[in-house]
């Protein structure tokens, strides 16, 4: 298990396991990113690990959440994921929120190098 803050540290190529964000193995592990305000989100980009555990980004889904509303960005990404893959999740135009929720759909570890959230312009 590695620090969740590694997911938003700006490092997109994780050549050391100390640079990744990852969970322990569990049922549908997740990571929440709280933004500083409510935004219209256009896309979310996930940068896979650069080691033999890149597949920890398989079977993930991303939600944009507001108080009463939750929108899925791009559906479930099943993989396969390879070293340093960049995975794009395009969000529907009504995706507004302050919370970005990344979750595995299986029992496994969730892990990746970096996540970027882009406002809809």
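When you scan the range 1-18, how many residues do you find that are within 17 Å of residue 109 (Cα to Cα), without any contact (Cβ under 8 Å) to a residue 60 or more places away in the chain and not in a helix (DSSP H, G or I)?
Matching residues across the range 1-18 total 2.
Okay, residues lined up against (1) surrounded by 13 or more Cβ atoms within 10 Å (Cβ to Cβ); (2) under 22 Å from residue 120 (Cβ atoms):
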{"residue": "14", "(1), (2)": "yes, no"}
{"residue": "19", "(1), (2)": "yes, no"}
{"residue": "36", "(1), (2)": "no, yes"}
{"residue": "69", "(1), (2)": "no, yes"}
{"residue": "82", "(1), (2)": "no, no"}
{"residue": "96", "(1), (2)": "yes, yes"}
{"residue": "99", "(1), (2)": "yes, yes"}
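Only one of (1) in contact (Cβ under 8 Å) with a residue 60 or more places away in the chain; (2) touching a helix residue (DSSP H, G or I) at 6+ places or on another chain (Cβ under 6 Å) fails for residue 83. Which number is that?
(1)
Strands (runs of 3 or more DSSP E) wholly in the range 19-121 with at least 3 residues that are within 20 Å of residue 2 (Cβ to Cβ) - which ones?
Ranges flagged: 30-47, 96-104, 114-119.
Does the range 50-72 contain any residue that is in contact (Cβ under 8 Å) with a residue 60 or more places away in the chain, touching a strand residue (DSSP E or B) at 6+ places or on another chain (Cβ under 8 Å) and within 18 Å of residue 108 (Cβ to Cβ)?
Scanning the range 50-72 turns up no residue that is in contact (Cβ under 8 Å) with a residue 60 or more places away in the chain, touching a strand residue (DSSP E or B) at 6+ places or on another chain (Cβ under 8 Å) and within 18 Å of residue 108 (Cβ to Cβ).
We did not get these values from a lab; they are worked out from the coordinates using the rules stated. Everything numeric in this text was worked out from a predicted model, so none of it was measured. Note that each Cβ is placed from the backbone with ideal geometry, even for glycine, and that neighbours are counted across all protein chains shown.
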